[in-house]
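Notes follow once the structure below has been shown.
The values are calculated or read from the model by the stated rules, or taken from the named source; none is laboratory data. Just so we're clear, the structure is a prediction, and the values are computed from it rather than from any experiment. Here the Cβ is made from the backbone with ideal geometry for all residues, glycine too, and neighbour counts use every protein chain on show.
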Amino acid sequence: MTDRFDVIEAGERGRRRWIGLVVLLALVLVPIVSLVASRDPGPEPLPPATPTPAAIRSLTRIEGAPNILNVQARAKGGDEVIEVVFPDGVRAEVRYPAELGLDEMGSRPFQGAWIDGRYRQFMAPYSGAFEVTRGGEPIRNYAPNVTLWPRQAGSGMYGQVLLFAFGPWRLAMYDRGQGLTFDQRVALAKGLKGRVTKNGYLVLSARKPVRLARPGETVQGMPVGPQLWFGGGAGEMVTLVPTPGCDKHAVPPSVIKGRGRPVDSVCRDDVLVAVTGQQEFRKKAIEGIRVTMK
């Protein structure tokens, strides 16, 4: 019995020694760990997200907002007449058969440009900002009116998208190939300027290293100078492309040729009129549209 109790007693005494060693070790290690931890700065905290300007954020909430200008036409005989302004600021008068309804189709600007010798194009998405944003949030902003958006699904060779805000207009620049560098995007955001005329047209200007394409300039045979696009989506479309020395050999822009539909074109006062849609619409447009440059 005594041995049994001694064994029990001896066991209890051994456990107390073990517990004492643990406590002592803990008392020694805790200050050491705290000292080491105080010397380790840990990972750098993530920088706060750059706030996106409210004007641009609000556009991501307007689903399907139009990005089209509808101007008031005036009647002239059996025709209608509208005053237009191209993205380079040049004005013109467009006369057309009333049944074509160009004023109701509405127009959008297009402009090609070079940044450090790299060609890019600026177009107004038919469905407005939502066509680019999909109701999401931008990756970053390069200027108060310029945001960067992810590459869109099914965009082929095109990459991320720079979205520019000029008054009510939204212009998209779909990057391509190797893509612009960060510095080039910053220069583009600062160098491309836009103003809206009294009747709502967008006029663009640029400073180095950005250069806007002039009327008549082409890239791979396609016109890239200032243009106005009427209509779009799944419907008929008419484009007006200022082309100095325009003749029957002038090529319609890719937005017309790339739709996979029959295309007709004609030159009117150094402006190429290119049309796609139903045969009757194309016939009336080619025969009836008149453009007078001012």
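From V241, V266, V275, which residue is free of Cβ contacts under 8 Å to residues at least 40 places away in the same chain, crowded, with 16+ Cβ neighbours inside 10 Å and touching an Asp or Glu at 6+ places or on another chain (Cβ under 6 Å)?
Only one candidate passes the filter, namely V275.
Every residue in the stretch 161-190 that is free of Cβ contacts under 8 Å to residues at least 60 places away in the same chain, part of a helix (DSSP H, G or I) and over 12 Å from the mean Cα position of the chain (by Cα), please.
F182, D183, R185, V186, K190
If you go through the stretch 262-273 one residue at a time, do you hit one that is modelled with pLDDT under 95, in a loop (DSSP other than H, G, I, E, B), under 31 Å from the mean Cα position of the chain (by Cα) and farther than 26 Å from Y119 by Cβ?
So far as the stretch 262-273 goes, yes, one or more of its residues are modelled with pLDDT under 95, in a loop (DSSP other than H, G, I, E, B), under 31 Å from the mean Cα position of the chain (by Cα) and farther than 26 Å from Y119 by Cβ.
For the stretch 101-121, which residues satisfy the criterion of being closer than 29 Å to E80 by Cα, surrounded by 21 or more Cβ atoms within 10 Å (Cβ to Cβ) and not polar (S, T, N, Q)?
Selection gives L102, R108, P109, F110.
Could you look through the stretch 192-214, keep only residues that are crowded, with 21+ Cβ neighbours inside 10 Å and of a type outside the set (S, T, Y), and pick out the one that is nearest to L102 (Cα to Cα)?
For the stretch 192-214, the residue satisfying everything is L202.
Looking only at residues that are among the β-branched types (V, I, T) and within 21 Å of the chain's Cα centre (by Cα) in the stretch 216-238, which one is farthest from G101 (Cα to Cα)?
Residue satisfying both the conditions and the ranking: V219.
May I ask you to verify whether Q220 is of a type in the set (S, T, N, Q) and in contact with a strand residue (DSSP E or B) (Cβ under 6 Å, 6 or more places away or on another chain)?
When the stated conditions are applied, Q220 does not pass them.
Identify, please: which residue in the stretch 274-294 is modelled with pLDDT under 95 and in a loop (DSSP other than H, G, I, E, B) and is, among those, nearest to G232 (Cα to Cα)?
G277
Specify which of the listed residues (T147, T181) is farther than 25 Å from A234 by Cα and surrounded by 17 or more Cβ atoms within 10 Å (Cβ to Cβ).
Being farther than 25 Å from A234 by Cα and surrounded by 17 or more Cβ atoms within 10 Å (Cβ to Cβ) holds for just one of T147, T181, which is T147.
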